[in-house]
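Let me begin by presenting the structure, written as structure tokens, before commenting on it.
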């Protein structure tokens with residue numbers, strides 16, 4: 001297998017794995033804020049934003065009653081953590 005063929009196979013696998021993650025839970029590390037909004041999550045119940053010299057940190061909180069809170073952390077518009 002040539003280097004070009006290996007790279008193509010790797011890209012195909014990456015795309016397939018990303019699609020499986022989206023189908024499984026609708027959120028994945030590396031997705032952009034715009035993708036999250038387009039996925040139909042709705043507006044967060046609370047949003048916290050911190051701006052620093054290195055960029056913007058944003059945390060979205062969704063409350064699922066009675067007591068569950070789910071948080072999504074974005075750095076510079078990219079999802080970096082999911083907290084259940």
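Which length gain, in nm to one decimal place, applies between residue 35 and residue 10 when the Cα-Cα distance is subtracted from 0.36 nm times their residue separation?
Once the chain is fully extended between residue 35 and residue 10, it gains 6.7 nm.
In nm, to one decimal, how far is the residue 43 label point from the residue 84 one, both placed 7 Å along Cα→Cβ?
So the two model labels end up 2.8 nm from each other.
No value in this document is a laboratory result; all are computed from the given coordinates. No experiment lies behind these values; they were computed from the predicted model shown. In this analysis, Cβ positions are derived from the backbone assuming ideal geometry, glycine residues included, and neighbour counts consider all displayed protein chains.
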